[in-house]
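Presented below is the structure to which this report refers.
The values are calculated or read from the model by the stated rules, or taken from the named source; none is laboratory data. Values in this document were obtained by computation on a predicted structure and should not be read as measured data. All Cβ positions, glycine included, derive from the backbone under ideal geometry; neighbour counts span all protein chains shown. Each accessible area value is taken on the protein alone, full model and side chains, heavy atoms only, with ligands, DNA and RNA left out. Shrake-Rupley method; radii C 1.70, N 1.55, O 1.52, S 1.80 Å.
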Amino acid sequence: MTANKTRRAFLKASACGLILPATAISAGAKSIRVVVWDERQPEQKQAYDRFLGNQIAEHLKGKPGLSVQSVSIEDDEKGLSPGIIRECDILIWWGHRRQAEITPKMAQPLIERIKEGTLCLIALHSAHWSTPFVEAMYERTRIDAERTLKQAAGAKVEIDYIEPAKRYMSPKNGDRLTPYIDLRKFPDGTEKASVYMPNCCFPAYRTDGKPSQMRVLKPDHPITKGLPEKFELPQTEMYAEPFHVPEPDEVVLEERWATGEWFRSGMIWKLGKGRVFYFRPGHETYPVYKEKPVLQILENAVRWLA
């Protein structure tokens, strides 16, 4: 079988919910190019000797069919140089304190590549506020809003997109869930819509390191292939719903805590021809990315998204 045929067979199997074993990927097949982008926050040293991004990258480097490099915000052009991004099929992103250093303009080439189907994004944990994830959610909101408004009001409706007043402010319990649309009809027949963009956050979190219970919602999905129906993360940070994001196309994992909170911890959105996968676990001071099920999820996600 030629390399191209092998590649097509892998993609076809993935689309059907099957992940080929590593032995089925021939040595001549094109590797999936993975870039792990990590802020490399100093606090990570409490759980990882060489930062969590390197932990993920080293694990993936040991898997056949993957070509992996690890970059950071301290690299040239914040780790987003054209040479790095051009040679990337899957971008895994972890950010926290320095999210604002990546501007929307810097993230726009990533969004365009996702939409054209040449790149997919995996956003981890506190990357819910990373610029690539937020801009991807804004773009998905625009697409959803225009589709909804054309059906409800026709092509002549005037649309105003309103971003949160402060990009990095958590919503409160009881706040209206974003994104949402206010549509107004005026006596002269004109229609105007205000589309309130998603906050991309949640009203509560807790950093006590208590365990969580992960539950697989879609056991036949490629991302959850080979996982037990339920498994525990011994130490993690708690995030509590509601998560202010556009309605995902799929939710494959759910997470719960003994104190009653829960979260949609594995969410997938289509964006043009590409996809975005948000995976919630991964606080910087807990060794979440040393847990076998977590690493399996990341490898599965890389192969399926590619």
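Any idea which residue in the stretch 203-242 is farthest from Arg256 (Cα to Cα), counting only those that are of a type in the set (Lys, Arg) and part of a loop (DSSP other than H, G, I, E, B)? In this case the residue turns out to be Lys225.
Scanning the stretch 288-303 for residues that are closer than 18 Å to Gln235 by Cβ and open to solvent by 10 Å² or more (accessible area, probe 1.4 Å) yields a total of 5. Only residues that are modelled with pLDDT under 95, under 26 Å from Pro248 (Cα atoms) and basic (Lys, Arg) were counted across the stretch 171-191, and they come to 0. Pairing residues of the stretch 44-64 that are hydroxyl-bearing (Ser, Thr, Tyr) with residues that are not in a loop (DSSP other than H, G, I, E, B), at Cβ distances under 7 Å and at least 6 apart in sequence or on separate chains, gives Tyr48/Gln55.
Name the single residue, out of those in the stretch 49-69 being farther than 19 Å from Phe277 by Cβ and under 22 Å from the mean Cα position of the chain (by Cα), that is least open to solvent (accessible area, probe 1.4 Å). Here the answer is Asn54. Of everything listed in (1) over 27 Å from Glu43 (Cα atoms); (2) of a type outside the set (Lys, Arg); (3) assigned to a strand (DSSP E or B); (4) without any contact (Cβ under 8 Å) to a residue 40 or more places away in the chain, the single unmet condition for Trp269 is (4). Here the stretch 179-193 is the region considered, the condition is being surrounded by 15 or more Cβ atoms within 10 Å (Cβ to Cβ) and not in a loop (DSSP other than H, G, I, E, B), and the residue that is nearest to the chain's Cα centre (by Cα) is Ile181. Please work out if Met267 is surrounded by 15 or more Cβ atoms within 10 Å (Cβ to Cβ) and in contact with a helix residue (DSSP H, G or I) (Cβ under 9 Å, 6 or more places away or on another chain). Judged against the criteria, Met267 is not a match.
So is Asp208 out of contact with any strand residue (DSSP E or B) (no Cβ under 6 Å at 6 or more places or on another chain), surrounded by fewer than 14 Cβ atoms within 10 Å (Cβ to Cβ) and either touching a residue at least 24 places away in the same chain (Cβ under 8 Å) or of a type in the set (A, V, I, L, M, F, W, C) (or both) or not?
yes
Pairing residues of the stretch 91-104 that are within 26 Å of Glu299 (Cα to Cα) with residues that are at pLDDT below 95 and open to solvent by less than 60 Å² (accessible area, probe 1.4 Å), at Cβ distances under 8 Å and at least 6 apart in sequence or on separate chains, gives Leu91/Ile85. Filter the stretch 148-167 down to residues that are more than 19 Å from Glu241 (Cβ to Cβ) and at pLDDT 95 or above and give me whichever is farthest from the chain's Cα centre (by Cα). Among residues in the stretch 148-167 that are more than 19 Å from Glu241 (Cβ to Cβ) and at pLDDT 95 or above, the one farthest from the chain's Cα centre (by Cα) is Asp160.
When you scan the stretch 274-285, do you find a residue that is open to solvent by 10 Å² or more (accessible area, probe 1.4 Å) and farther than 18 Å from Asp208 by Cα, even just one? Yes - at least one qualifying residue is present in the stretch 274-285. Keeping to the stretch 211-239, report how many residues are more than 18 Å from the chain's Cα centre (by Cα), closer than 22 Å to Leu121 by Cα and open to solvent by less than 60 Å² (accessible area, probe 1.4 Å). Looking only at that region, the number is 1. Residues in the stretch 157-178: is at least one of a type in the set (Ser, Thr, Tyr), crowded, with 16+ Cβ neighbours inside 10 Å, in contact (Cβ under 8 Å) with a residue 12 or more places away in the chain and part of a strand (DSSP E or B)? No: the stretch 157-178 contains no residue that is of a type in the set (Ser, Thr, Tyr), crowded, with 16+ Cβ neighbours inside 10 Å, in contact (Cβ under 8 Å) with a residue 12 or more places away in the chain and part of a strand (DSSP E or B).
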